[in-house]
Amino acid sequence: MSDVVLEINNLETYYGPIMAIRGVSLKVNQGEIVAVLGANGAGKTTLLKTISGALNSSKGEILLAGRPVQNRDPDWVAAQGVAHVPEGREVFPFLTVYENLMLGAYRRRDAKGIAGDLQMVYEYFPALKERTSQMACYLSGGQQQMLAIGRACMSRPRLMLLDEPSLGLSPVLVKSIFQVIRRLNQEQGITVLLVEQNAVVALQTSQRAYVMEVGGVVMDGASAELAQSEDIREFYLGQKSAGVRGTRRWKKRKTWR
C-alpha cells in the first residue's frame, strides 16, 4: 500500500458557535488525486483551510506523513510541503506573473532549482510565459487560475490542496486546467486533495473521492464506483435513474471498497 501523505481523524472545526466540520476522517496516499465533493455549505472549503492552518480545529488530528500539523500557523504548514490553492485564486493583482510565481518559492534558496521549476511552470502553462511581465489583475479568470496553480508548484509541494479550480471557467478552460492537474500528479509526483463542485470532472480526474454534507463525510470510495452510485448520479451528476428515487439524507456513511 502507498504511504499515507495526509490522514485526518475525527476532525471538528467551528465558525463561531457553528460546527462547520463534524467528525471528518479521511486519508490521501502518496501519488493519489483524491476528490471531495459536496454542495455549497457542505464544509469543503473549511476542511482545506483547517488542513493548511488558516482555521483552527477544536477536536481531532491532522497528520502529514504521520506528523501532527493541526492548529499550526499556515507558514509552518506550508514549510512542511503543503500548498493551498484557494477558492477564487487570490493572486496578487498588482504584481506581475513572474513576481507571483516567485512568491511561491519564497522559502527556497536553491536558485538553480527555482529557475528550473519556473521553466516547468511555463511549460505547463504557456499563456503565463507569454505574460510574464504583465500584472495579474489584467489576466483572465482562467489565466489567474493557472497562475495560482503555478505559484503553488513553485514551492515543490508534497501535497497540493485545490479549492474549486473549475469555478467560473468555461468548459474548454476547465478541461485544460484538469489536464494539467493530472500531468502534475503523474509527471511531477504531486499528491492532490481536490475540492470540487463539478462532480463529473472531479470523478474523472481522481482515483478516490469523499462526499460531504452538512460538515460530515457521508460517502467515500473509488471514484469510478461512486460515479455509478444512484445517489451521486442523481444529486451530483444530474442523472436520475428511471423508477428509482434517490435520497440525499444518508443516515450512515457509505464506503465502497
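Laid out as a table, the results:
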item	result
Cα centroid separation, the stretch 149-219 to the stretch 5-49 (Å)	14 Å
Label-point separation, Ala65 to Glu90 (7 Å along Cα→Cβ), nm	2.4 nm
The stretch 16-67 shape via C-alpha gyration tensor axes, a/c threshold 1.5	oblate
Among Thr13, Thr46, Thr132: highest mean-square fluctuation, GNM of the chain, C-alpha pairs under 10 Å	Thr132
Global form of the chain, assessed from the alpha-carbon gyration tensor, a/c cut-off 1.5	prolate
Helical mean residue ellipticity (222 nm; -39500 (n - 2.57) per DSSP H run of 4+; nearest 500) of the chain	-10000 deg cm²/dmol
Potential extension, Glu99-Tyr14 segment - 0.36 nm per residue separation minus Cα distance	27.1 nm
Normalised contact order of the chain, rounded percent, pairs of Cα under 8 Å and 6 or more residues apart	24 percent
Net length gained if the chain between Ser133 and Ala54 were fully extended (0.36 nm per residue, minus Cα distance)	25.4 nm
Spatially close lysines, pair count over the chain: Cα under 29 Å, gap of eight or more or interchain	27
Cα shape, the stretch 60-208, gyration tensor, a/c 1.5 rule	oblate
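Taken together, the values in this text are just the output of simple stated rules run on the coordinates, not laboratory data. Just so we're clear, the structure is a prediction, and the values are computed from it rather than from any experiment. Because the Cβ atoms are built from the backbone with ideal geometry, glycine has one as well, and the counts that use them run over all protein chains shown.
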